[in-house]
Amino acid sequence: MTVCDVAIVGGGPAASAAALTLARAGLRAVILERGEDRGDKPGESIAPGARPLLEQLGVWDDLAADGHLPCHGNRSSWGSERIDEMPFLFSPYGKGWHLDRRRFEQLLVRRAVEAGAERKTHARVVDVSRNGDVPPGGNNAVWRLRCANGETIEAPFVIDATGRASWFAHRAGAQRIVDDVLIAVVAFLETDGAPDRDSWTLVEAVEQGWWYSAVLPDGRLAVMFITDPAVVAPREAAAMPFATAPHTRARIETYAYAVTAPPQLVHAGSSRLNRAMGEGWCAAGDAAMALDPLSSHGITSALATGVEAAQAVVSGSFERYETVVDTMWRAYAAMRRNIYASERRWASSPFWTRRI
């Protein structure tokens, strides 16, 4: 049996940010991951505004050394057929980054372990119980987590970092509130020729959704089509031709990129828990609130809520944490509504009318 101060169920940026913050504060944190970080993972862009948070975590200077690709701005065909540019040149935080997502997550978890946190892989939690001998809020109340491998972990506090599934929070009585349902078809394209060297992000609206593309540090092109499953069935979305997005198609054809592996289909809508914390637990990252990729804030939100959750444990200021998450959600929801409302070319399209 492993006994710790905080058990973090799940992995990813939120889990590592929380574990790193807790370890620096002198608490014993244990990350419980169901698998290992293998294969491609969608979500690779990080905006310049994430710099203060990355500096706080001590990983900003590692991004260039680790071979991540600087991003100098965004291009978009949104609201008209023309391409608009938003350079990061005048951002007070400088450039953004296109990440090797796995390498980035390995960096974060390595920093957490170096600070004193413990990471257990292949530790899928299958059962959770609360010490029934102690009244809620008692000093000796603990959670008992049983893993599929037979290991048991006890901790007075648990951070749920299980993503949109919010596995632990559901078992603690929280409910998921869905704000918008979207799916994303994600493909990683390869070329036998010289890869695209333009590291700007491209976002392109079409009648049935929108496309995203960005060059990865290894020269591949990440391409994502976001749509509404009530408008375009998942199977149809996975087969959606690039011809529907002329600027995206031109980027692909210019460098002879081709799909070499089946695309991934992932949830991309907006949702949150009805409460981000409870007696002896809180949720961070997508478990607390999952954002539309249009916001470009997914990774930043995961890191921020991971840090804030850990600080709440250290300080005991859990009401503040609930307020922080709620404030972040409200700001995001307002921004998202405004961005979708600015695209008016397809006034009768079900995808766009459902988001006005």
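A few comments on the model shown:
- FRET efficiency for residue 86 and residue 114, using Cβ-Cβ distance with R0 set to 45 Å, rounded to 0.05: 0.80
- Here the dipole of the chain is about 480 debye; that uses its Cα centre as origin and unit charges on the Cβ of Lys and Arg (positive) and Asp and Glu (negative).
- Of the residues 258, 353, 53, the one whose Cα sits farthest towards the positive end of the charge dipole of the chain is 353 (charges of +1 on Lys and Arg Cβ, -1 on Asp and Glu Cβ, taken about the Cα centre).
- Rg/Rg_ref, the chain, where Rg_ref = 2.2 N^0.38 Å and atoms are Cα: 1.02
- Cut-off 18 Å (backbone N to label point 7 Å along Cα→Cβ of residue 192), residues of region 228-269: 252-261
- Three-way shape label, region 212-356, alpha-carbon gyration tensor, a/c 1.5: prolate
- Kyte-Doolittle at least -1.0, axis length at least 15 Å by Cα - qualifying DSSP helices, the chain: 12-24, 101-115, 298-315, 318-341
- Residue (of 318, 245, 287) at the positive-pole extreme of region 239-356, dipole from beta-carbon charges: 245
- In this Cβ point-charge picture (+1 for Lys and Arg, -1 for Asp and Glu), region 7-98 has a dipole of about 260 debye about its Cα centre.
- Per residue, the solvent-accessible area of region 106-256 (1.4 Å probe, heavy atoms of protein chains only, all protein chains present) comes to 45 Å².
- Taken about its Cα centre, region 212-306 carries a charge dipole of about 100 debye when Lys and Arg each add +1 at the Cβ and Asp and Glu each add -1 at the Cβ.
- Probe 1.4 Å, all protein chains present, accessible-area order of 335, 1, largest first: 1, 335
The values are calculated or read from the model by the stated rules, or taken from the named source; none is laboratory data. Note that the coordinates shown come from a computational prediction; the quantities given were computed from them, not determined experimentally. Ideal geometry is used to build each Cβ from the backbone, glycine not excepted, and the neighbour counts take in all protein chains shown. Heavy atoms of the whole protein, side chains included, go into the accessibility calculation; ligands, DNA and RNA do not. Shrake-Rupley method; radii C 1.70, N 1.55, O 1.52, S 1.80 Å.
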